[in-house]
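Notes for the one structure printed next.
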Amino acid sequence: MKLSTRIAAATLALSTLAAPAFAASTRSDHSGIVVWIFLGFCGLIVAAQLIPAILVMFGFAKAVTAPKQEEAKQSSH
């Protein structure tokens, strides 16, 4: 019973915080298709920059965790 009251209280608290989000049901920004294409292009640029950055970070992690190789010493005759 105690768990259900906690869940009910959490749901009530979260729904009161989310209530203002439902107040504005109409769009007020009047942004056209050109704005959405621009934002999509910006997102594409961000994604294109993130993929190589993630690959470089995996390369760094692989280099750090790899076992160290000893340098071969030359023998003098």
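The values are calculated or read from the model by the stated rules, or taken from the named source; none is laboratory data. Being a predicted model, the structure only gives us computed values, none of them experimental. Ideal geometry is used to build each Cβ from the backbone, glycine not excepted, and the neighbour counts take in all protein chains shown.
Please pick out the residue among 31, 15, 25 that is over 23 Å from the mean Cα position of the chain (by Cα), loosely packed, with under 10 Cβ neighbours inside 10 Å, of a type in the set (Gly, Ala, Ser) and modelled with pLDDT under 90.
25
Only one of (1) outside any loop (DSSP other than H, G, I, E, B); (2) modelled with pLDDT under 90 is not met by residue 72, so which one is it?
Every condition holds for residue 72 apart from (1).
Looking only at the range 57-69, count every residue that is assigned to a helix (DSSP H, G or I) and over 17 Å from the mean Cα position of the chain (by Cα) and tell me the total.
The total comes to 7.
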